[in-house]
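Input: a single structure, listed below in structure tokens.
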């Protein structure tokens with residue numbers, strides 16, 4: 001990857017003003033449990049959206065729906081103006097344009113770090129091995145993982161594994177990066193190194209949706225914060241507005257619980 | 001990028017001297033090892049002595065030794081048994097290869113999702129259900145005597161080929177189940193990660209699921225291969241002369257069972273290196289991927 005590849009957001013021209021990701025009245029249920037209810041959201045290009053809320057509020061499900069790992073029951077999701085919830089669409093082609101980083105890293109344990117990162121560029125995007133590996137090494141270098149290319153994931157620390165997972169997700173230069181509680185499984189002293197990487201991605205213009213419990217980080221990095229409660233986006237606004245002057249009682253309750261727990 | 005790794009550089013040890021505590025601990029461990037070794041040696045000797053005494057002092061020992069452990073018949077049988085063994089080994093190699101490929105294929109077919117693949121899935125499932133339940137010996141009888149009875153032109157009557165075919169049918173069903181267990185043991189999050197990168201479901205199977213699944217099932221697969229090796233002897237039902245049948249010919253002519261013992265020991269001798277080899281492979285794969293530990 002050339003050093004400025006991440007910063008130049010779109011490899012294809014966009015209709016002006018069209019958000020990268022748009023959700024319209026999305027509904028998702030598991031059996032009788034309604035996980036997402038009438039969710040609407042717009043994620044403009046080069047912006048960062050933070051999803052906050054208690055466990056089980058629907059943050060992860062929203063991300064899984066956006067990446068088509070789950071089908072929505074109702075409503076529609078648009079990527080660059082194209083409806084990706086249309087059943088006629090090529091789902092693999094949609095996922096190619098979206099990167100995902102998981103809470104539990106989900107690295108492939110039978111592959112080296114380098115092979116983890118080059119798998120999708122080589123097999124999906126048909127990049128020749130030489131070029132894919134050169135770009136992967138540059139990426140590792142920038143993420144502070146030079147010299148780890150030949151290691152197997154299980155030999156790395158949690159923070160290193162999560163940085164490899166981020167490298168794997170951005171190696172294909174996705175249009176949109178979804179991050180699902182990416183620091184939740186990490187020891188406190190390892191959280192910082194991962195957050196620093198995400199901050200750099202923001203500076204380079206990556207469009208991101210981040211489900212997180214790191215409120216200080218969300219406040220610092222997010223252009224837009226959504227508070228989810230029981231599958232509904234209860235409150236949505238700039239970080240300063242949602243954290244500084246929450247309009248909803250439930251948002252205030254949630255934030256004060258975090259403050260008491262020393263997390264804010 | 002602001003993140004920098006502290007590399008795992010070893011701090012120079014300087015003037016470290018093992019503490020008395022460490023030395024005492026090591027002395028204790030050595031003593032414990034010596035004691036365990038002594039106990040094991042003593043108990044093994046006693047057990048062996050008891051067994052030998054029981055057998056040798058039994059009333060029929062003399063007769064048994066002449067019938068089962070006769071040096072003359074062992075010498076007589078060995079070349080014939082080895083000749084027959086060549087057939088077993090060829091069957092093992094060919095059937096083993098066919099079974100591994102076909103078993104993997106059936107296992108993958110059984111994991112296909114979606115209504116389009118229902119007939120394929122149903123056929124694969126029916127095949128496995130049927131041949132896993134059918135006793136091997138009946139399968140061989142059907143194949144060796146049933147297929148020639150159809151008098152189809154261009155179809156062989158060779159008992160080796162037909163017996164091998166029956167072995168493949170049965171063992172493919174076993175091996176397919178082993179592979180399927182391996183495939184299902186790969187955590188769904190691995191599949192999610194692969195699909196989220198844009199890999200198709202076939203690419204996910206090929207590059208992410210199968211490599212992990214196959215590694216996990218190497219030991220049970222070897223188990224089935226050893227079992228297959230022994231069962232190659234059953235092709236003698238159709239009249240093919242393998243190691244067991246070669247032994248049987250001598251045994252029934254001279255009323256001496258030594259050839260069976262010879263054949264049995266040879267089979268055991270072949271499987272042991274195979275088992276050690278797989279253990280070694282499994283250990284090597286684990287060592288490469290994971291961190292070590294004491295338990």
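Would you mention how many residues in region A:218-264 are surrounded by fewer than 20 Cβ atoms within 10 Å (Cβ to Cβ), out of contact with any helix residue (DSSP H, G or I) (no Cβ under 8 Å at 6 or more places or on another chain) and more than 23 Å from residue A:194 (Cβ to Cβ)?
17
Where in region B:210-263 are there helices (runs of 4 or more DSSP H), lying fully within it, with 3 or more residues that are over 14 Å from the mean Cα position of the chain (by Cα) and either free of Cβ contacts under 8 Å to residues at least 60 places away in the same chain or within 22 Å of residue B:168 (Cβ to Cβ) (or both)? Quick ask: steps written out before the conclusion?
Details: elements: B:210-216, B:218-231, B:243-254.
Passing ranges, in order: B:210-216, B:243-254.
For (1) loosely packed, with under 12 Cβ neighbours inside 10 Å; (2) within 31 Å of the chain's Cα centre (by Cα); (3) part of a loop (DSSP other than H, G, I, E, B), each residue gets a yes or a no:
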{"position": "B:30", "(1), (2), (3)": "yes, no, no"}
{"position": "B:33", "(1), (2), (3)": "yes, no, no"}
{"position": "B:55", "(1), (2), (3)": "no, no, no"}
{"position": "B:66", "(1), (2), (3)": "no, no, no"}
{"position": "B:82", "(1), (2), (3)": "no, yes, no"}
{"position": "B:88", "(1), (2), (3)": "no, yes, no"}
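In the set A:92, A:86, which member is within 13 Å of chain B (Cβ to nearest Cβ) and outside any strand (DSSP E or B)? It would help to see each step written out before you state the result.
Details: A:86 fails: within 13 Å of chain B (Cβ to nearest Cβ).
None of the other options fit; the residue is A:92.
Residues checked against (1) surrounded by 21 or more Cβ atoms within 10 Å (Cβ to Cβ); (2) in contact with a strand residue (DSSP E or B) (Cβ under 8 Å, 6 or more places away or on another chain); (3) within 13 Å of chain A (Cβ to nearest Cβ):
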{"position": "B:181", "(1), (2), (3)": "no, no, no"}
{"position": "B:190", "(1), (2), (3)": "no, no, yes"}
{"position": "B:194", "(1), (2), (3)": "yes, no, yes"}
{"position": "B:242", "(1), (2), (3)": "yes, no, no"}
{"position": "B:248", "(1), (2), (3)": "no, no, no"}
{"position": "B:270", "(1), (2), (3)": "no, no, no"}
{"position": "B:275", "(1), (2), (3)": "no, no, no"}
{"position": "B:283", "(1), (2), (3)": "no, no, no"}
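Which condition number in (1) modelled with pLDDT under 95; (2) closer than 22 Å to residue A:185 by Cα is the one that residue A:68 fails?
It fails just one condition, (2).
So, residue B:221, is that one buried (at least 19 other Cβ atoms within 10 Å of the Cβ) and within 12 Å of another protein chain (Cβ to nearest Cβ) or not?
On the way: buried (at least 19 other Cβ atoms within 10 Å of the Cβ): yes; within 12 Å of another protein chain (Cβ to nearest Cβ): no.
Here the answer is no, as residue B:221 does not meet what is asked.
Hey, does region A:160-178 have a residue that's modelled with pLDDT under 95, more than 19 Å from the chain's Cα centre (by Cα), more than 8 Å from every other protein chain (Cβ to nearest Cβ) and part of a loop (DSSP other than H, G, I, E, B)?
Within region A:160-178 (the criterion being modelled with pLDDT under 95, more than 19 Å from the chain's Cα centre (by Cα), more than 8 Å from every other protein chain (Cβ to nearest Cβ) and part of a loop (DSSP other than H, G, I, E, B)), the answer is no, since none of the residues qualifies.
List the number of the failed condition for residue A:108; all other conditions in (1) within 10 Å of another protein chain (Cβ to nearest Cβ); (2) more than 20 Å from residue A:179 (Cα to Cα); (3) modelled with pLDDT of 95 or more hold.
Just one mismatch for residue A:108, condition (2).
Against the conditions (1) buried (at least 17 other Cβ atoms within 10 Å of the Cβ); (2) modelled with pLDDT under 95; (3) within 14 Å of chain B (Cβ to nearest Cβ); (4) touching a helix residue (DSSP H, G or I) at 6+ places or on another chain (Cβ under 9 Å), where does residue A:60 fall short? Just the number, please.
(4) is the only condition that residue A:60 fails.
Looking for something at pLDDT 95 or above and facing chain B (nearest Cβ under 8 Å) - is there at least one such residue anywhere in region A:129-138?
no
The values are calculated or read from the model by the stated rules, or taken from the named source; none is laboratory data. Model, not experiment: these values are computed from the prediction. Counting neighbours? That spans all protein chains shown, and the Cβs are built from the backbone with ideal geometry, glycine included.
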